[in-house]
Amino acid sequence: MKRTDSRDKRLSEIYTHHHNSLQNLDKKNPKLVVCFAGPPGSGKTTLAKELEERLQAIRISNEEIRKIIDSQYPDLSIDEREKVVEDYLGYLIEQLDGEPNGLVVIDSGIERKYRRVCDRLHQHGFTTYTINISLSRDTLEERIRKSKDSPEDYLLHLDTWIIQHEQFEQDVVSDLTLDEESDAIESTISGVSEVLDSLK
């Protein structure tokens, strides 16, 4: 019991810090969560920010959540922190269930936690829309070198992330797949808008 109380208190404290950074909470949209599958460098954050701005979505950034956790609980190991990130995502979904804006964008790769997250979302009445971003290794490496502060740290794990992504592609049929020939932004806005209209 004490362990559960401690966990809930921690998640509540993270939410208190995170809530103020969330945009568009007061907007009105149907309950739809947009998830991305794609390694670092594939453009998930660019697309998530476009959805946040143009469709008034609530964007949930795992990087922002990690920064809050690191500042509040600096003694956690990396594995412990990632467990808290996933627990917090479930907690946050419960909190957002009562907000007028049901359009939520998860600004991170969903590959490793897809089933668990989708099950949690469906329990709260959210429809999910999964966008798969499929780019070549050369393109990913080029983008990482241009956009990341410590590209070598990312490149060290790139092949592992690509394997996880390829496994996801085999296991899950996405709602939208983007490749190097796609107009990624407009395809994403159009696809999500169409689903939103169908839910109204």
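The values are calculated or read from the model by the stated rules, or taken from the named source; none is laboratory data. All values reported here derive from a predicted model rather than from experimental measurement. Ideal geometry is used to build each Cβ from the backbone, glycine not excepted, and the neighbour counts take in all protein chains shown.
When Gly102, Gly98 are screened for being at pLDDT 95 or above, more than 13 Å from Phe36 (Cα to Cα) and not in a helix (DSSP H, G or I), only Gly102 passes. Report yes if Gln167 is within 20 Å of Pro39 (Cα to Cα) and not aliphatic (A, V, I, L, M), otherwise no. Yes, satisfied. Scanning segment 184-198 for residues that are more than 16 Å from Lys44 (Cβ to Cβ) and without any contact (Cβ under 8 Å) to a residue 24 or more places away in the chain yields Glu186, Ser190, Glu194, Asp197, Ser198. Close Cβ contacts (under 8 Å, 6 or more residues apart or on different chains) running from residues in segment 142-154 that are free of Cβ contacts under 8 Å to residues at least 60 places away in the same chain and of a type in the set (Ser, Thr, Tyr) to residues that are part of a helix (DSSP H, G or I) and surrounded by 13 or more Cβ atoms within 10 Å (Cβ to Cβ) are absent. Of the residues in segment 35-48, at least one is within 18 Å of Asp97 (Cβ to Cβ) and either β-branched (Val, Ile, Thr) or touching a strand residue (DSSP E or B) at 6+ places or on another chain (Cβ under 9 Å) (or both). For segment 73-94, name all the residues that are loosely packed, with under 15 Cβ neighbours inside 10 Å, in a helix (DSSP H, G or I) and in contact (Cβ under 8 Å) with a residue 60 or more places away in the chain. Those that are loosely packed, with under 15 Cβ neighbours inside 10 Å, in a helix (DSSP H, G or I) and in contact (Cβ under 8 Å) with a residue 60 or more places away in the chain: none in segment 73-94. Taken over segment 47-65, the residue count meeting the criterion of being crowded, with 20+ Cβ neighbours inside 10 Å and either within 10 Å of the chain's Cα centre (by Cα) or at positive phi (or both) is 4. Among the residues of segment 49-62, the ones that are in contact with a helix residue (DSSP H, G or I) (Cβ under 8 Å, 6 or more places away or on another chain), closer than 19 Å to Ile93 by Cα and either hydroxyl-bearing (Ser, Thr, Tyr) or in a helix (DSSP H, G or I) (or both) come to 3 in all.
Of the set (1) in contact with a Leu (Cβ under 7 Å, 6 or more places away or on another chain); (2) in a helix (DSSP H, G or I); (3) not charged (D, E, K, R), all apply to Thr46 but (1). Going by what's in this entry, would Ile185 be described as in a helix (DSSP H, G or I) and under 19 Å from the mean Cα position of the chain (by Cα)? Judged against the criteria, Ile185 is a match.
Among the residues making up segment 108-156, those that are loosely packed, with under 14 Cβ neighbours inside 10 Å and outside any helix (DSSP H, G or I) are Gly125, Ser136, Asp149, Ser150.
Does Ile106 count as out of contact with any helix residue (DSSP H, G or I) (no Cβ under 7 Å at 6 or more places or on another chain) and among the aliphatic types (A, V, I, L, M)? In short, yes.
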